[in-house]
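Notes for the one structure printed next.
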Amino acid sequence: MSSQRTHYVTTTDGVTIGGTVHGQGRPLVFLQGIIGDGDLDWQALLPHLTDRYTCHLPSMRGRGLSGDHPDLGLGRVVDDFLIYVDSIGEPTGLVGWSGGATWAFAMAAQSDAMDAVAAVEPVANSLMDEQELAALGDAVARAGKLAAEGNLTAAMRAFAGFPLTDKDIAAAEDSGYFDTAGRYAPNMVNFFQQLTEYEGLKPDDPAVLGAISAPVLVLLGSHTKPYATRSARHMADHVASAPDPLVPGAQPCVGAWIEPDPLDRWEQADRLAVGEVGRPLDQISRRLREDRVQVVAGARADASMTKGALWIPRPHVRQRRRPARALVAGR
């Protein structure tokens with residue numbers, strides 16, 4: 001018998017955010033990438049986790065089980081997922097991929113509900129050069145044109161040429177990923193259009209990253225693109241180097257840079273595992289090496305740290321909100 005169930009919350013503007021829930025144990029919340037939804041992006045991990053963890057797979061508004069709404073501003077999307085995490089009612093591990101990894105940083109800067117964060121290939125748009133920004137703009141424009149013509153699968157495929165490698169795209173096509181995610185093309189284009197109008201601090205701002213007190217691990221695939229490499233290093237460096245300015249006596253977060261074995265990143269879903277929070281970082285690093293994952297650099301890794309870190313080799317007290325100082329703000 002399946003143990004799948006659902007969890008819903010209502011946002012401050014009346015939108016229902018829903019997620020499927022699987023397994024039993026310590027709660028983990030998984031944030032989707034910009035193309036798919038919670039289930040589509042993370043379903044493959046569940047057989048490896050549900051015997052030890054309660055896995056929540058929420059989707060952003062307009063995707064999956066969540067209700068639709070024209071407001072897809074960055075601040076609103078982050079707030080939606082924060083409300084979802086808060087509703088769980090206990091400390092939660094947070095895992096995000098790509099855009100979801102970036103939102104995870106914004107969430108961790110605003111709330112203590114997450115006691116560990118694993119960010120898989122986060123995106124720092126502010127670090128893109130002119131050529132990369134132009135390529136991203138062209139990819140969104142092509143996707144928008146195809147979506148307007150009703151070619152939704154082609155729209156997602158056209159956009160995917162920017163963030164994904166050729167091997168990623170081939171594997172995604174073979175699995176039917178773009179066919180399933182195509183219905184979200186208009187939603188994705190709308191998100192990017194509103195992102196250009198966003199005036200608050202972005203999740204990759206050092207002020208936001210420096211406000212994070214939870215242990216953080218930044219992960220990167222072995223065949224990713226240059227902007228993703230720069231983004232991951234930027235995120236890890238700024239989280240790990242700054243003590244939390246809002247919590248007296250807080251220790252620096254732990255950021256780490258790891259490079260998985262050179263396997264196709266979409267094929268690694270059946271090799272994933274999650275480490276336990278509460279283990280010293282040196283033990284986690286040793287376990288990563290035992291799993292044939294190379295730890296390339298540790299940013300201020302403290303082997304005596306007792307909080308440990310949540311890690312994933314790749315896919316993929318009552319909580320309080322912090323003051324909105326040096327955090328993502330605005331819509």
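Could you list, in sequence order, the residues of region 1-28 that are within 22 Å of Met188 (Cβ to Cβ) and either assigned to a helix (DSSP H, G or I) or in contact with a Phe, Trp or Tyr (Cβ under 7 Å, 6 or more places away or on another chain) (or both)? Steps first, please.
Taking region 1-28 first, the residues within 22 Å of Met188 (Cβ to Cβ) are 11, 13, 15-20.
Passing the criteria: Thr16, Ile17, Gly18, Gly19.
Residues are listed down the side, and each one gets a yes or a no for (1) within 30 Å of His69 (Cβ to Cβ); (2) polar (S, T, N, Q); (3) in contact with a Pro (Cβ under 9 Å, 6 or more places away or on another chain):
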{"site": "Arg183", "(1), (2), (3)": "yes, no, no"}
{"site": "Glu197", "(1), (2), (3)": "yes, no, no"}
{"site": "Val208", "(1), (2), (3)": "yes, no, no"}
{"site": "Val218", "(1), (2), (3)": "no, no, yes"}
{"site": "Ala228", "(1), (2), (3)": "yes, no, yes"}
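Pull up region 194-211, narrow it to residues that are assigned to a helix (DSSP H, G or I) and not β-branched (Val, Ile, Thr), then point me to the one that is farthest from Ile169 (Cα to Cα).
So the first thing to find is which residues in region 194-211 are assigned to a helix (DSSP H, G or I), and the list is 194-195, 206-209.
Subset that is not β-branched (Val, Ile, Thr): 194-195, 206-207, 209.
Working: Gln194: 26, Leu195: 25, Pro206: 32, Ala207: 35, Leu209: 31 Å.
Checked region 194-211; the qualifying residue farthest from Ile169 (Cα to Cα) is Ala207.
If a residue has to be β-branched (Val, Ile, Thr) and assigned to a loop (DSSP other than H, G, I, E, B) to count, how many in region 148-177 make the cut? It would help to see each step written out before you state the result.
Within region 148-177, the first condition is being β-branched (Val, Ile, Thr), and the residues that meet it are 153, 165, 169.
Okay, now just the ones that are also assigned to a loop (DSSP other than H, G, I, E, B), so 165.
The qualifying residues number 1.
Test Ser126 against the criterion of being assigned to a loop (DSSP other than H, G, I, E, B) and of a type in the set (S, T, N, Q), and give yes or no. If you could, list the steps in order and put the result at the bottom.
Working: assigned to a loop (DSSP other than H, G, I, E, B): no; of a type in the set (S, T, N, Q): yes.
Considered against the rule, which asks whether it is assigned to a loop (DSSP other than H, G, I, E, B) and of a type in the set (S, T, N, Q), Ser126 comes out as no.
Collect the residues in region 165-196 that are among the basic types (Lys, Arg) and out of contact with any helix residue (DSSP H, G or I) (no Cβ under 8 Å at 6 or more places or on another chain), keeping them in residue-number order. Quick ask: steps written out before the conclusion?
Step one: of region 165-196, the residues among the basic types (Lys, Arg) are 167, 183.
Of everything in region 165-196, just one residue is among the basic types (Lys, Arg) and out of contact with any helix residue (DSSP H, G or I) (no Cβ under 8 Å at 6 or more places or on another chain), namely Lys167.
Scan (1) assigned to a helix (DSSP H, G or I); (2) under 17 Å from Phe191 (Cβ atoms) for the single condition Ile83 breaks and write down its number.
(2)
What are the residues in region 86-102 that are crowded, with 24+ Cβ neighbours inside 10 Å and at positive phi, if any?
Scanning region 86-102 gives a single hit, Ser98.
Determine which single condition Ala240 fails, assuming it passes every other condition in (1) of a type in the set (A, V, I, L, M, F, W, C); (2) out of contact with any Lys or Arg (no Cβ under 6 Å at 6 or more places or on another chain); (3) modelled with pLDDT of 50 or more.
Among (1) of a type in the set (A, V, I, L, M, F, W, C); (2) out of contact with any Lys or Arg (no Cβ under 6 Å at 6 or more places or on another chain); (3) modelled with pLDDT of 50 or more, Ala240 violates only (2).
Can you run down the residue pairs with Cβ atoms below 6 Å, 6 or more apart or on separate chains, where the first is in region 203-223 and more than 17 Å from Leu127 (Cβ to Cβ) and the partner is among the aromatic types (Phe, Trp, Tyr) and part of a loop (DSSP other than H, G, I, E, B)?
Cβ pairs passing all conditions: Leu217/Trp311.
Would you check which residues across region 96-112 are part of a strand (DSSP E or B) and either within 8 Å of the chain's Cα centre (by Cα) or under 19 Å from Ile35 (Cα atoms) (or both) and list them? Explain how you work it out, then say what you get.
Our first condition is that a residue be part of a strand (DSSP E or B); within region 96-112, this holds for 96-97, 111.
The answer is Gly96, Trp97.
Among (1) part of a strand (DSSP E or B); (2) surrounded by fewer than 21 Cβ atoms within 10 Å (Cβ to Cβ), where does Asp115 come up short?
Only one criterion is unmet by Asp115, namely (2).
Look at Phe178 and say whether it is within 19 Å of the chain's Cα centre (by Cα), crowded, with 16+ Cβ neighbours inside 10 Å and of a type outside the set (Asp, Glu).
no
Any chance region 105-123 includes a residue that's in contact with a strand residue (DSSP E or B) (Cβ under 9 Å, 6 or more places away or on another chain) and among the hydroxyl-bearing types (Ser, Thr, Tyr)?
The initial filter retains those residues of region 105-123 that are in contact with a strand residue (DSSP E or B) (Cβ under 9 Å, 6 or more places away or on another chain), namely 105, 107-108, 110-122.
Checking the rest, the ones that are also among the hydroxyl-bearing types (Ser, Thr, Tyr) come to 111.
Yes: one or more hits.
Examine region 160-169 for a residue that is surrounded by fewer than 17 Cβ atoms within 10 Å (Cβ to Cβ), over 16 Å from Ala135 (Cβ atoms) and of a type in the set (Asp, Glu), and state whether such a residue exists. Spell out how you get there, then give the answer.
The first filter runs over region 160-169 and keeps only residues surrounded by fewer than 17 Cβ atoms within 10 Å (Cβ to Cβ), leaving 161, 166-167.
Subset that is over 16 Å from Ala135 (Cβ atoms): 167.
Checking the rest, the ones that are also of a type in the set (Asp, Glu) come to none.
There is no residue in region 160-169 that is surrounded by fewer than 17 Cβ atoms within 10 Å (Cβ to Cβ), over 16 Å from Ala135 (Cβ atoms) and of a type in the set (Asp, Glu).
Would you mind finding the one in Ala256, Ala269, Ala214 that is part of a loop (DSSP other than H, G, I, E, B), touching a helix residue (DSSP H, G or I) at 6+ places or on another chain (Cβ under 8 Å), at pLDDT below 90 and small (Gly, Ala, Ser)?
Values: Ala256 fails: part of a loop (DSSP other than H, G, I, E, B); Ala269 fails: part of a loop (DSSP other than H, G, I, E, B).
Of the residues listed, the single one that is part of a loop (DSSP other than H, G, I, E, B), touching a helix residue (DSSP H, G or I) at 6+ places or on another chain (Cβ under 8 Å), at pLDDT below 90 and small (Gly, Ala, Ser) is Ala214.
From the list Ala171, Ala104, Ala116, which residue is modelled with pLDDT under 95 and under 30 Å from Ser213 (Cβ atoms)?
On the way: Ala171 fails: under 30 Å from Ser213 (Cβ atoms); Ala104 fails: modelled with pLDDT under 95.
So the residue among Ala171, Ala104, Ala116 that is modelled with pLDDT under 95 and under 30 Å from Ser213 (Cβ atoms) is Ala116.
Which members of region 12-52 meet the condition of being polar (S, T, N, Q), over 21 Å from Ala113 (Cβ atoms) and more than 16 Å from the chain's Cα centre (by Cα)?
Initial filter on region 12-52 (polar (S, T, N, Q)): 12, 16, 20, 24, 32, 43, 50.
Narrowing further to those that are over 21 Å from Ala113 (Cβ atoms): 43, 50.
The one that is polar (S, T, N, Q), over 21 Å from Ala113 (Cβ atoms) and more than 16 Å from the chain's Cα centre (by Cα): Thr50.
The values are calculated or read from the model by the stated rules, or taken from the named source; none is laboratory data. Because the structure is a prediction, the values reported are computed rather than measured. Cβ coordinates were reconstructed from backbone atoms using ideal geometry, including for glycine residues, and neighbour counts include every protein chain displayed.
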